[in-house]
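Inspection log for the structure reproduced underneath, given as structure tokens.
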Amino acid sequence: MQRMTRQRQSVYEELERLDDFRSAQQIFDDLQRQGHRVGLATVYRNLQSLSESDEVDVLRAADGECLYRLCAAHGHHHHLVCRNCGHTEEISMADVESWVTEIARSHGYTAVEHSIELFGLCADCTAELAAETAGTPPSVSTGAPSARGEN
């Protein structure tokens with residue numbers, strides 16, 4: 001385990017504060033706004049280290065960017081992520097695992113490993129999009145990707 005430097009502590013505390021997946025750039029921007037003196041390369045290095053020690057989850061967004069989050073669930077698990085605001089839900093393991101097992105079995109595979117992340121629009125973002133399309137102001141949402149999970 002690496003020692004807990006001031007910068008590493010800042011990155012970790014920012015992840016603790018958030019509920020949703022965030023990019024290294026978003027985490028860096030948040031830290032800068034809070035007055036932390038930490039470089040973007042340091043944020044990337046610390047996120048990589050936290051990932052390697054299984055302290056954070058990493059997933060790849062549809063555009064290829066890595067997103068990071070502290071998860072309560074340790075070990076193998078899956079997420080449903082809003083591609084607009086980043087809101088994240090844990091997915092029921094039983095549903096996913098039984099589907100994977102059935103697909104593997106039907107093709108004669110064993111010892112299958114997998115990584116499944118689902119991306120879509122959460123209820124709030126769907127309502128906001130519908131309101132924008134209809135030309136009425138949305139009833140809920142700030143429209144800012146970093147608005148969720150902040151205290």
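General observations
- Beta carbons closer than 9 Å, at least 6 apart along the sequence or on distinct chains, pair a first residue in the range 114-137 that is in a helix (DSSP H, G or I) with a second that is hydroxyl-bearing (Ser, Thr, Tyr) and surrounded by 12 or more Cβ atoms within 10 Å (Cβ to Cβ) for Asp124/Ser141; Cys125/Ser141; Ala127/Ser141; Glu128/Ser141; Ala131/Ser141.
- Within the range 1-29, being surrounded by 17 or more Cβ atoms within 10 Å (Cβ to Cβ) and among the charged types (D, E, K, R) holds for Arg8, Glu14, Asp20, Arg22.
- Pairs with Cβ under 8 Å, 6+ apart, first in the range 16-35 and outside the structural domain of Cys85 (by TED's automatic domain parsing), second small (Gly, Ala, Ser) and crowded, with 18+ Cβ neighbours inside 10 Å: Asp20/Gly86; Phe21/Gly86; Arg22/Gly86; Leu31/Ser10
- Residue match in the range 46-59 (condition: part of a loop (DSSP other than H, G, I, E, B), touching a residue at least 40 places away in the same chain (Cβ under 8 Å) and closer than 17 Å to Ile116 by Cβ): no
- Residue match in the range 50-59 (condition: within 22 Å of Ala123 (Cβ to Cβ) and not assigned by TED's automatic domain parsing to the domain that holds Met93): yes
- Annotation: Leu31 fulfils all but one of (1) of a type outside the set (Gly, Ala, Ser); (2) part of a helix (DSSP H, G or I); (3) under 13 Å from the mean Cα position of the chain (by Cα); the unmet one is (3).
The values are calculated or read from the model by the stated rules, or taken from the named source; none is laboratory data. The structure presented is a predicted model; accordingly, all values stated were derived computationally and were not measured. In this analysis, Cβ positions are derived from the backbone assuming ideal geometry, glycine residues included, and neighbour counts consider all displayed protein chains.
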